[in-house]
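Please read the structure below before turning to the comments.
The values are calculated or read from the model by the stated rules, or taken from the named source; none is laboratory data. Please read these numbers as outputs of a predicted model, since none were measured by experiment. In this analysis, Cβ positions are derived from the backbone assuming ideal geometry, glycine residues included, and neighbour counts consider all displayed protein chains. Surface accessibility is based on the protein's heavy atoms, side chains included, excluding ligands, DNA and RNA. Shrake-Rupley method; radii C 1.70, N 1.55, O 1.52, S 1.80 Å.
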Amino acid sequence: MAKVTLEGRPTAVGSIFCVGRNYAAHIAELNNVRDDMPLVFLKPQRALVPPGGSLTLPDYSHDVHHECELVLLIGRDADHVPVEQALDVVAGYAVGLDLTARDVQSELKAKGHPWTRAKGFRGSACVSDFVAAKRVSDPTRLRFSFSINGEVRQRGDTAMMLVGVAALVSWLSAEYGLQAGDLIYTGTPEGVGPIHAGAHLEAELDGLVSAHWDVTR
Ligand code: MG
């Protein structure tokens, strides 16, 4: 079973939920349309890459994009949690990458097929260590950034989310049910773009935690 680290403690991972189209400027840059409900997809546990890890890009894509995102770790089972209590079930916060084979995703979208091949490959879910939720004073105002070889490519602020952290947790808990160990990738801001073999990737969450990954092929 895959694990992440919360304040130095290994924690078993359950489902890996990902939210799409949660920042207006990113919806615009890909010419997508905002839906009434959050767009949700899942990644397999084998997609996870711990901080400091190396990753191999899928050989069937020529356009793998970075999507830097705030990641939540759910601390206890949650079913139909009201928005006002939703932050209580979040155990920790991290920054991660929802790597996406954009060329493959475009083909899948055109066919009306699921996104798994574009979003679920090994190495597609990079994640930093988790910071305990009690150390995060206001998750609605967290800034994060992503750089390639030292050059900043994405800057995000959770204040710009279309559906905020508490509302996302509440909605997912009602729609699917959440369990301790589940991860939620909360969507990417604008600035997505390609990564290539040899790249050194770094992500940082508001002075709380940072992580790096190397693309080996
Ligand atoms: Mg994403």
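Data for the structure
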| item | result |
| --- | --- |
| Among the residues listed as R9, R34, the single one being over 14 Å from the mean Cα position of the chain (by Cα) and within 16 Å of the ligand (Cβ to nearest atom) | R34 |
| Flag if L162 is of a type in the set (A, V, I, L, M) and open to solvent by less than 10 Å² (accessible area, probe 1.4 Å) | no |
| Whichever residue in the stretch 1-25 is of a type in the set (A, V, I, L, M, F, W, C) and in a loop (DSSP other than H, G, I, E, B) and, among such residues, is nearest to G187 (Cα to Cα) | V13 |
| Any hit, the stretch 187-202, residues being closer than 26 Å to L39 by Cβ, open to solvent by 30 Å² or more (accessible area, probe 1.4 Å) and touching a strand residue (DSSP E or B) at 6+ places or on another chain (Cβ under 7 Å) | yes |
| The stretch 184-205, subset more than 16 Å from the chain's Cα centre (by Cα) and not in a strand (DSSP E or B), residue farthest from the ligand (Cβ to nearest atom) | G198 |
| Any hit, the stretch 70-78, residues being away from the ligand (no atom under 16 Å from the Cβ) and within 16 Å of the chain's Cα centre (by Cα) | yes |
| Hits in the stretch 13-38 - residues which are among the charged types (D, E, K, R) and touching a strand residue (DSSP E or B) at 6+ places or on another chain (Cβ under 8 Å) | R21 |
| The stretch 14-26: number of residues that are of a type in the set (A, V, I, L, M, F, W, C) and surrounded by fewer than 19 Cβ atoms within 10 Å (Cβ to Cβ) | 2 |
| Test: G53 is more than 14 Å from the ligand (Cβ to nearest atom) and either under 20 Å from F144 (Cβ atoms) or open to solvent by less than 50 Å² (accessible area, probe 1.4 Å) (or both) | yes |
| Residue in the stretch 109-125 that is free of Cβ contacts under 8 Å to residues at least 40 places away in the same chain, away from the ligand (no atom under 16 Å from the Cβ), surrounded by fewer than 22 Cβ atoms within 10 Å (Cβ to Cβ) and on the phi > 0 side of the Ramachandran plot present | yes |
| Residues of the stretch 27-50 satisfying the condition of being of a type in the set (S, T, N, Q) and either in contact (Cβ under 8 Å) with a residue 40 or more places away in the chain or open to solvent by 50 Å² or more (accessible area, probe 1.4 Å) (or both) | N31, Q45 |
| Filter result for the condition that a residue is farther than 18 Å from P38 by Cβ, part of a strand (DSSP E or B), open to solvent by 20 Å² or more (accessible area, probe 1.4 Å) and touching a Lys or Arg at 6+ places or on another chain (Cβ under 8 Å), over S145, S210 | S145 |
| Among residues of the stretch 79-108, those that are more than 14 Å from the ligand (Cβ to nearest atom), open to solvent by less than 70 Å² (accessible area, probe 1.4 Å) and of a type outside the set (A, V, I, L, M, F, W, C), counted | 5 |
